[in-house]
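The values are calculated or read from the model by the stated rules, or taken from the named source; none is laboratory data. The model shown is predicted, which means the values in this text are computed figures rather than measured ones. When we count neighbours, we look across all protein chains shown, and the Cβ atoms used for this are built from the backbone with ideal geometry, even at glycine. Note: accessible area is taken over every heavy atom of the protein model, side chains too, but ligands, DNA and RNA are not part of it. Shrake-Rupley method; radii C 1.70, N 1.55, O 1.52, S 1.80 Å.
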Amino acid sequence: MITRFRSLTTGWTLLVPMLAVVLLLFTWGRHLPGALVALVTVVLAGSVLAAVHHAEVVAHRVGEPFGSLVLAIAVTIIEVALIVTLMADGGDKSSTLARDTVFAAVMITCNGIVGLCLLVASLRHGTAVFNPEGTGAALATVATLATLSLVLPTFTTSRPGPEFSGGQLTFAALSSLILYGLFVATQTVRHRDYFLPITRQGEVITADDHAAVPSQRTSWISVGLLGLALVGVVGLAKGVSPAIESGVQAAGLHQAVVGVVIALLVLLPETIAALRSARRDRVQTSLNLALGSAMASIGLTIPAVALASIWLSGPLVLGLGATHMLLLALTVVVSSLTVVPGRATPLQGGVHLVLFFAYLELAINP
């Protein structure tokens, strides 16, 4: 009976990603009626869960911290492709799309996911324990990337408005790639131990013994299905975005809410995977996922849109407004204080979540 149940659960994780891609092919670029929107939403939710399952299979095969990179980079690459596609179709009205998407990803990951994981881990295990060296390095990289890419354009004078000149945009793109590459090298090669989960005595956990390591064949199948599931998640999220936009307009909410909702959908796989790690007292893995996703979102999106701006028409607005800059500064300060002790209580998780909900409130009522 147990074997049969496991085969059924494995079966749906194989079927749903393929179903999502088939549904995406039939619905791409078309107006969706209400019944089809409901079907797409169900398949979208299933794709999120399937993506988490296959990401965990791959992560367990390659081990930490390589496993945390798999989901973060895969989601971000497809997210970047989605941003460039929407910018190509949107003209001038999409000039702030890259900025809004990247900032939403930073606030969702650094406050929403981090806060939720710290809260869950500390409530379940007393305190959330992680490695301050690795988490601090990740936070410093995120803060630098966010400031160079999203804050500086507001204050530069080469062009009117919160835009970079061509040379400044090139510098920001190259800096993003270099910093992200240096971080990945640090995380996976030179100082790998800084990004591994630790015990409450501070000892590094080099391997998980909760389950057998999947075979190489199973892992490669999961890699392919993870890619299909993520394509389905992002593509179907784009498909239901007109329905989301209509609902937002009907409710009288600000247009920025649309970007927040789509960002939440795209980041769902990372959120679920991070929460599962937090429940298992692997908080470092959760923070690797959260901060790694924020870093990948900036480090890959800015170079991509910089390259795309060569042929895209319309301005590229990257600079944040005063309110969002204040939220970003407060996030960096609070995150620094959270990282320093290497331990967190429900209080730290609650503070991050309050910042996240403040961001959502200001997106609804700017």
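Ile2 passes every criterion in (1) buried (at least 21 other Cβ atoms within 10 Å of the Cβ); (2) among the β-branched types (Val, Ile, Thr); (3) over 17 Å from the mean Cα position of the chain (by Cα); (4) at pLDDT below 80 apart from (1). Check whether at least one residue in region 275-298 is modelled with pLDDT under 75, of a type outside the set (A, V, I, L, M) and within 22 Å of Val16 (Cβ to Cβ), and report yes or no. Checked against the condition, which is being modelled with pLDDT under 75, of a type outside the set (A, V, I, L, M) and within 22 Å of Val16 (Cβ to Cβ), region 275-298 yields no hits at all.
Of the listed requirements (1) closer than 23 Å to Ala358 by Cβ; (2) at pLDDT 85 or above; (3) hydrophobic (A, V, I, L, M, F, W, C); (4) out of contact with any helix residue (DSSP H, G or I) (no Cβ under 6 Å at 6 or more places or on another chain), Leu307 misses just one: (1).
Among all positions in region 193-209, there is at least one residue which is in contact with an Asp or Glu (Cβ under 9 Å, 6 or more places away or on another chain), surrounded by fewer than 18 Cβ atoms within 10 Å (Cβ to Cβ) and at pLDDT 80 or above. Any residue in region 154-173 that is under 25 Å from Leu275 (Cα atoms), part of a helix (DSSP H, G or I) and either in contact with a helix residue (DSSP H, G or I) (Cβ under 6 Å, 6 or more places away or on another chain) or open to solvent by less than 60 Å² (accessible area, probe 1.4 Å) (or both)? Checked region 154-173: no residue is under 25 Å from Leu275 (Cα atoms), part of a helix (DSSP H, G or I) and either in contact with a helix residue (DSSP H, G or I) (Cβ under 6 Å, 6 or more places away or on another chain) or open to solvent by less than 60 Å² (accessible area, probe 1.4 Å) (or both).
If the condition is being open to solvent by less than 10 Å² (accessible area, probe 1.4 Å) and either touching a strand residue (DSSP E or B) at 6+ places or on another chain (Cβ under 9 Å) or among the β-branched types (Val, Ile, Thr) (or both), then region 218-233 contributes only Val233.
Annotation: Ile178 fulfils all but one of (1) over 27 Å from Phe103 (Cα atoms); (2) free of Cβ contacts under 8 Å to residues at least 12 places away in the same chain; (3) of a type in the set (A, V, I, L, M); the unmet one is (1). Only a single criterion out of (1) without any contact (Cβ under 8 Å) to a residue 60 or more places away in the chain; (2) over 21 Å from Phe103 (Cα atoms) is not satisfied by Ala128, namely (1).
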